[in-house]
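The values are calculated or read from the model by the stated rules, or taken from the named source; none is laboratory data. These figures come from a predicted structure and were not determined experimentally. A quick note on method: Cβ atoms are made from the backbone with ideal geometry, for glycine too, and the neighbour counts reach across all protein chains shown.
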Amino acid sequence: MGSKLSKNSVVPQNVISQLSGTAKNKEHTKLNSLFPEPSTLQDTKFNAKKRSQNASFDENAIQFIQVVKGGKVNELEAIYKSIRDEERSNLINYRGMWGCTPLLSACLYGQTDVAIWLLDHDADKDLCNERGVTPILLAALEGMTTVISKLISDGTLSHQLEMDSRVGIVYNAAIDRNMRLSPLLAASANGHVDIVELLLCNGAECNQTVNSVAPDGTIYQQSALLLSVKYRHSAVTRILLRYAADITLCDEDGNNALMLACSAIDEDCAIVLIEHAKQRNCAETVLLKCNVQGYTAIHYASLYNLPTICQRIIESLEPIKLSLLLSMKTNTFDETALHLASQKQNAGIVTILFEANANGEFQDSSGELARKLFLQ
């Protein structure tokens with residue numbers, strides 16, 4: 001049920017799962033978690049040592065952690081039974097490097113059977129490591145649905161405040177920065193549909209925002225919907241919308257979910273978002289929103305050759321609002337959507353925009369007319 005190496009590094013080893021930096025590869029990618037786990041002599045020197053009643057508690061505990069990582073439930077049981085009754089609780093909740101407990105290690109390494117065994121033996125599910133990472137966060141990140149169910153089955157995590165307060169720092173190797181995530185954000189970023197629904201059913205706040213601060217002071221604004229769209233998990237996006245995810249929320253650059261879908265060239269997701277905006281009577285707010293660079297959703301749809309999206313956007317606006325949208329220019333080079341479509345020679349979109357009465361006489365910052373760019 002698990003892997004020999006950690007899927008979520010706790011300090012550099014070979015990256016096994018990470019978020020991709022390209023739109024094409026985002027559908028099946030995952031975050032790493034935590035922050036590189038070294039292979040230390042302290043962790044390995046007891047591997048070959050025979051367990052006995054004469055072994056110290058620390059020796060047994062270190063061996064116990066190694067067996068947890070390897071997913072060997074029978075060996076866990078043997079070590080557990082070999083020590084005194086009064087030491088067993090301390091063994092189950094033993095604190096290793098960076099404050100990791102056996103349960104955290106089991107979730108970190110994707111060892112579902114081991115995690116369930118530990119919970120059945122009264123492992124403390126609320127203990128976190130030095131970065132605030134709890135078992136429920138790691139299980140959500142790794143897609144361990146059975147473990148999530150077990151963690152919340154006694155009702156202690158059913159309250160919204162408790163569910164959403166499990167925020168910890170995980171490491172994203174693809175962009176080389178730490179991210180603060182709650183269980184719902186972690187599951188949404190990694191596309192774990194069943195876990196997203198399970199968390200929402202048990203009180204997770206669909207529109208919770210969790211900000212991360214980069215070393216340079218940049219604040220990254222994150223929500224479950226934005227992360228699911230950014231990493232192309234359309235099934236998760238649909239569930240979040242069903243639970244009333246706020247489609248107007250934006251990231252640190254002013255991008256709403258529709259802009260992210262268009263820039264990720266995710267046409268199916270963009271269509272779902274447009275239809276949802278219309279149902280929620282917020283289409284104008286979503287479609288006329290521009291980011292810090294002055295781009296709107298139709299700018300990205302024109303740039304990345306998404307004619308169906310351009311048509312849906314046009315059909316969703318009244319003539320006056322549509323005229324306003326088609327006249328909006330980027331902050332960098334004063335480009336309208338028609339400029340971008342013309343530069344890319346996206347003939348279908350140029351036709352759609354002209355039929356919607358886009359003005360071909362608008363000039364960009366270099367004095368180029370939109371209508372002439374397509375003819376060059």
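Selection of the stretch 257-269 for residues being touching a residue at least 40 places away in the same chain (Cβ under 8 Å) and either more than 13 Å from K289 (Cα to Cα) or in a strand (DSSP E or B) (or both) yields C262, S263, A264, I265, D266, E267, C269. Whenever a residue of the stretch 170-190 is more than 22 Å from D126 (Cβ to Cβ), its partners that are assigned to a strand (DSSP E or B) and basic (K, R), lying with C-beta atoms within less than 9 angstrom and at least six residues away or across chains, give the pairs Y171/R177. In the stretch 210-240, the residue that is surrounded by the most Cβ atoms within 10 Å (Cβ to Cβ) out of those that are closer than 25 Å to C107 by Cα, polar (S, T, N, Q) and out of contact with any Leu (no Cβ under 7 Å at 6 or more places or on another chain) is S212.
Applying the criterion of being touching a Pro at 6+ places or on another chain (Cβ under 9 Å) and small (G, A, S) to the residues of the stretch 122-152, the residue that is nearest to A187 (Cα to Cα) is A140.
Within the bounds of the stretch 107-114, is there any residue that is without any contact (Cβ under 8 Å) to a residue 40 or more places away in the chain and of a type outside the set (F, W, Y)? Within the stretch 107-114, not a single residue is without any contact (Cβ under 8 Å) to a residue 40 or more places away in the chain and of a type outside the set (F, W, Y). Filtering the stretch 275-297 to residues that are part of a helix (DSSP H, G or I) and under 18 Å from A341 (Cβ atoms) leaves L287, A297.
A count restricted to the stretch 332-373 and to residues that are surrounded by fewer than 22 Cβ atoms within 10 Å (Cβ to Cβ), assigned to a loop (DSSP other than H, G, I, E, B) and either in contact (Cβ under 8 Å) with a residue 24 or more places away in the chain or aromatic (F, W, Y) (or both) stands at 13.
Of all residues in the stretch 141-156, one or more are on the phi < 0 side of the Ramachandran plot, surrounded by 22 or more Cβ atoms within 10 Å (Cβ to Cβ) and touching a strand residue (DSSP E or B) at 6+ places or on another chain (Cβ under 7 Å). With respect to V73, determine if the residue is in contact (Cβ under 8 Å) with a residue 40 or more places away in the chain and surrounded by fewer than 18 Cβ atoms within 10 Å (Cβ to Cβ). Criteria met by V73. Across the stretch 212-247, the qualifying residues are those that are farther than 15 Å from A189 by Cα and part of a strand (DSSP E or B), and the one among them that is modelled with the highest pLDDT is I219.
Determine whether S302 is over 14 Å from N256 (Cβ atoms), surrounded by 21 or more Cβ atoms within 10 Å (Cβ to Cβ), among the polar types (S, T, N, Q) and assigned by the TED database to the domain that holds F362. Even if it seems obvious, please write down each step before you answer.
Values: over 14 Å from N256 (Cβ atoms): yes; surrounded by 21 or more Cβ atoms within 10 Å (Cβ to Cβ): yes; among the polar types (S, T, N, Q): yes; assigned by the TED database to the domain that holds F362: yes.
Yes; evaluated as a whole, the condition is true for this residue.
Do we have L325 as surrounded by fewer than 22 Cβ atoms within 10 Å (Cβ to Cβ) and under 22 Å from L353 (Cα atoms) here? So L325 does not fit the description; no.
Whether a residue is assigned by the TED database to the domain that holds I136, touching a strand residue (DSSP E or B) at 6+ places or on another chain (Cβ under 8 Å) and modelled with pLDDT of 95 or more was assessed, and N207 passes this test.
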